[in-house]
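The values are calculated or read from the model by the stated rules, or taken from the named source; none is laboratory data. Please read these numbers as outputs of a predicted model, since none were measured by experiment. Here Cβ is always computed from backbone atoms with ideal geometry, including for glycine, and neighbour counts include all displayed protein chains. The protein model used for the area step is the full one, side chains on, heavy atoms only, and it has no ligands, DNA or RNA in it. Shrake-Rupley method; radii C 1.70, N 1.55, O 1.52, S 1.80 Å.
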Amino acid sequence: MSTFINQLAYGLADGSILALAALGFVLIYKATGVINFAQGEFLLVGAYMFYTAFVVMDLPLVVAVLFGVVVATLIGVLVERLILRPMVGENPISIIMVTIGLSSLLKALVQAFYGTSPKSQPNLLPRGSVDILGASVPINRLAAILIAAVVLTAFTVFFRKSRHGIAMRAVADDQQAAMTMGISVRRIFALAWALAAVSALIAGVLVGDISAVDNNIAAFGLLVFPVVILGGLDSVPGTIIGGLTIGLLKQFTAGYLDPGLATVIPYIVLVLILLVRPYGIFGETRIERV
Amino acid sequence: MAATATGIHHRSYTSELRLRATRAEYLRLGLMTVLLLVLPFVLDNFWLSQANLILIAVIGAVGLNILVGYTGQISLGQGGFLAVGAYSSAILSDRIGLPTPLAIIAAVLLTAAVGTFFGLPGLRLKGLYLAIATLASQMIIEFVIRRWDWLTLDQGYLNVERLNLFGFQIGGRQVFEQQWYWVLLLLAGLTVLTARNLFRTGLGRSFMAVRDQDIAAEAIGVNIPRAKLTAFAVSSGFVGLAGALTAHYSEVVSWEKFTLDVSILYLAMIIVGGLGSIAGAVYGAIFMTLLPELIRQLSLGLGDTLPFLADQLPAVRNAVFGLVIILFLILEPRGLDRIWQRIKDYFRFWPFRY
């Protein structure tokens, strides 16, 4: 029982961080129709930006967070402006490839400036553990779940209530109609990339705090694909369900079966879902006509 | 038949069916043949090994371009299919004792079968969904070859004996690269020729119809599932050949050679060369294989003025790699092939601009 509680906590923590990473992915896909293969690298860059501000520049925590958010927003907007905007109207293969190129570029830049060795930073989340039903669960995992939940709720409220959130949903629904209503589609595209970069930053910092700030963060980011396929590529609630499911599945496989198998099980699930229900649990089914 | 200022006028069906029509095209073909035949006598062993790597890459890139460029089915599983070809050929020839040519043929067929299997999701999916499905196939194949101890006899890698073709043994260090060059040149040449001709047949045309407008293609009677699966089979057959040749050429097989990065590298080749162009796949294979070496030479040359470049060589290489993909997609989405066409047009129309 105690192992089970432990696995549950670890799985949920991983899952909620995955949900955050996937949120950025879904935001971009929903608003702009771009599949972003560089989402993992956004996590990576976010984690390193925060590390730079917090450890290298020795800024106070709040300022470091702000610095990270500003840089992430800037990167998101720049990527949209410089790389994706010239690609509007190209075929999906080209758009997928351009984000793959971007991921290679971002990873290389991080490697050039910071090297490949893991960086350690002072703990952000409280350490130690609490006793739940006889299992000792690390507090930082619980804190990660809490932070992810708060951020995801904040984003959901933003989409439901705020002017920009509603504009984003309008653009996602029908770009032309949104444009005729006076919504600047360009600004919404930029906003989507900026928000995606910020959510990736938070996810990256959480992964960095739980394990270490190193290149593996980008590999963690690759897991957003099983998550978004499970939840549906264009569904925000889907990322939460998908993230938690994949996180738990991975943790339980690692804990009860085989740690090696845990790295591949999300992808097996991914293929099965694609074969059975390609648009995921909450995804919108697309009907094509000539 | 003859090229005039206003274009090429065919006067018979046979002249229209020719692969090459004008004297300039025959001249270029002749020049290229001479160049390819002279190459092994002028290059030293190092550059000859680069040429051999290019020839293997040409086979793999042409295979991938059949799937991605001509059929419009994006695949991130190239690395996995190369691995299937490499492992099966190595195991069949060294452990089971099949003659190497037979082992290579068997590897090609096996890879085609595996490729068709992983192409099954493609029947329901396209575009980005298919990209993600093939990403998963890459991960799954990679996992299987890493964890299946029987494949590598618990070593993590597989030694392959020196290539033996019909009793002819590839020689030692002195002649190794040169003998391989002839073998690979022959196979790469056959691959290019087969692919060029494939798109003059009904099957090849049906691939392109699926790419351009699948629903319309179905309406005019193209069997879409069959076309898609055949495209996966044909393409992965070529990829399997490239994988098998990698195994026999490098004489060692390990899973590190077939990661997701390799899949991306091959996609980069066909993007840079030109999607949906056999010549483009060749240009792309040359460009992307030589790029790391050129960067290395450049940063060694600039090592004194810009020590940063030489210190961070792997990172610089990856950054340039990413940048090349992005710039090509934004500035010239149809790749080197299109650039070459434009250069030819410039001279053809000179002194006019169009």
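Miscellaneous remarks
- Loop-located trypsin sites (Lys or Arg not before Pro) across region A:127-174 with a Cβ neighbour count of 11 or fewer within 10 Å are A:ARG127, with loop assigned by DSSP.
- When region B:208-279 is reduced to its Cα atoms, the Kirkwood hydrodynamic radius in Å: 14.6
- J(HN,Hα) series, region B:95-109, from Karplus relation 6.51 cos²θ - 1.76 cosθ + 1.60, nearest Hz, glycine and proline x: 9, 8, x, 5, x, 4, x, 5, 4, 5, 5, 4, 5, 4, 5
- Residue-count net charge about B:ARG28 - beta-carbon cut-off 12 Å; Lys, Arg +1, Asp, Glu -1: +2
- Dipole magnitude for region B:210-343: about 300 debye, using +1 per Lys or Arg Cβ and -1 per Asp or Glu Cβ, origin at the Cα centre.
- In the assembled protein chains, B:VAL114 presents an accessible area of approximately 40 Å² (probe radius 1.4 Å).
- Dipole of the protein assembly as shown computed with +1 at Lys/Arg Cβ and -1 at Asp/Glu Cβ about the Cα centre; of A:ILE273, A:ILE147, B:VAL144, farthest Cα towards the positive end is A:ILE273.
- Applying 1/(1 + (r/R0)^6) with R0 = 35 Å to the Cβ-Cβ distance of B:GLU332 and A:TYR256 gives a FRET efficiency near 0.10.
- For chain B, a/c is less than 1.5, where a ≥ b ≥ c are the root eigenvalues of the C-alpha gyration tensor. That puts it in the rounded class.
- Simple Cβ-charge dipole of the protein assembly as shown, Lys/Arg +1 and Asp/Glu -1, about Cα centre, in debye nearest 20: 1760
- Rh by Kirkwood over Cα pairs, then Stokes-Einstein D for region B:1-152 at 1.002 mPa s and 20 °C, µm²/s: 112
- For region A:104-136, heavy-atom accessible area (probe 1.4 Å) falls by no less than 20 Å² from the chain alone to the full protein assembly at A:SER104, A:LEU105, A:ALA108, A:GLN111, A:ALA112.
- Surrounding net charge for A:ALA218, when Lys and Arg each add one and Asp and Glu each subtract one, Cβ distance under 13 Å: -2
- Cβ-Cβ FRET estimate between B:TRP340 and A:GLU284, R0 fixed at 51 Å, reported to 0.05: 0.75
- Listed values for region B:239-250 are Karplus-derived 3J(HN,Hα) couplings in whole Hz (6.51 cos²θ - 1.76 cosθ + 1.60, θ = phi - 60°), namely 4, x, 4, 4, x, 4, 5, 4, 4, 6, 6, 7, and x replaces Gly and Pro.
- The accessible surface of chain B, taken with every protein chain in place and a 1.4 Å probe, is 65 percent carbon and sulfur.
- Over all pairs of different C-alpha atoms in chain A, the reciprocal of the mean inverse distance, the Kirkwood hydrodynamic radius, equals 19.5 Å.
- Rounded if a/c under 1.5, otherwise prolate or oblate - the protein assembly as shown, Cα gyration tensor axes: prolate
- Computed [θ] at 222 nm, deg cm²/dmol, chain A (DSSP H ≥ 4; -39,500 (n - 2.57); rounded to nearest 500): -23500 deg cm²/dmol
- Cα gyration tensor, region A:139-196 - rounded (a/c under 1.5), prolate or oblate: prolate
- Computed from point charges on the beta carbon alone (+1 for Lys and Arg, -1 for Asp and Glu), the dipole magnitude for region B:107-260 about its Cα centre is near 480 Debye.
- In the context of the full set of protein chains, the protein assembly as shown has a per residue accessible area of 46 Å² (1.4 Å probe).
- Label zone (B:LEU203, point 7 Å along Cα-to-C-beta; backbone nitrogen cut-off 17 Å) within region B:37-64: B:62-64.
- Contour excess over end-to-end distance, with Cα ends at B:GLN213 and B:THR14 and 0.36 nm allotted per residue: 68.7 nm
- The convex hull defined by the C-alpha atoms of region A:175-270 has an orientation-averaged projected area of 7.5 nm².
- Semi-axis lengths, Å, region B:198-354, gyration tensor of Cα atoms, sqrt of 5 times eigenvalues: 34, 25, 14
- Once the Cα-Cα distance is subtracted from the 0.36 nm per residue extended length, the A:SER120 to A:LEU133 segment shows a gain of 1.5 nm.
- With the convex hull drawn around the C-alpha atoms of region B:52-119, the volume per residue stands at 89 Å³.
- Chains B and A together bury roughly 3700 Å² of accessible surface, counting both sides and using a 1.4 Å probe on protein heavy atoms.
- Once the C-beta distance of B:LEU294 and B:ASP154 is scaled by a Förster radius of 51 Å, the resulting FRET efficiency is 0.85 to the nearest 0.05.
- Distant-in-sequence amide H partners of B:VAL252 (H built 1.01 Å from N, under 5 Å): B:VAL160
- Folded to 0 to 90 degrees: helix A:139-161 orientation relative to chain A principal axis, Cα: 20
- The accessible area of A:LEU106, taken with all protein chains in place and a 1.4 Å probe, comes to roughly 20 Å².
- Built amide H within the under 5 Å cut-off of B:LEU43, gap 5+: none
- With Cα atoms, 0 to 90° folded angle of helix A:61-79 axis to chain A main axis: 40
- Summing charges over all other residues whose Cβ lies under 15 Å from the Cβ of B:ALA103, with Lys and Arg as +1 and Asp and Glu as -1, gives -1.
- Expected 222 nm ellipticity per residue - DSSP helices of 4 or more, -39500 (n - 2.57), all of chain B, to 500: -23500 deg cm²/dmol
- Kirkwood hydrodynamic radius computed over region B:141-238 comes to 17.4 Å, based on all pairs of distinct alpha carbons.
- Karplus (6.51, -1.76, 1.60) ³J(HN,Hα), θ = phi - 60°, over region B:263-274, in Hz, Gly and Pro reported as x: 4, 5, 4, 5, 4, 4, 4, 6, 6, 5, x, x
- Per-bin percent of Cα-Cα distances, region B:133-184 [5 Å]: 4, 16, 15, 12, 9, 16, 18, 8, 1
- When both region B:16-57 and region A:29-57 are represented by their alpha-carbon centers, they are found 44 Å apart.
- Free of any GluC sites (Glu not before Pro) that DSSP assigns to a loop and that have at most 13 other C-beta atoms within 10 Å, the longest stretch within chain A is A:1-283.
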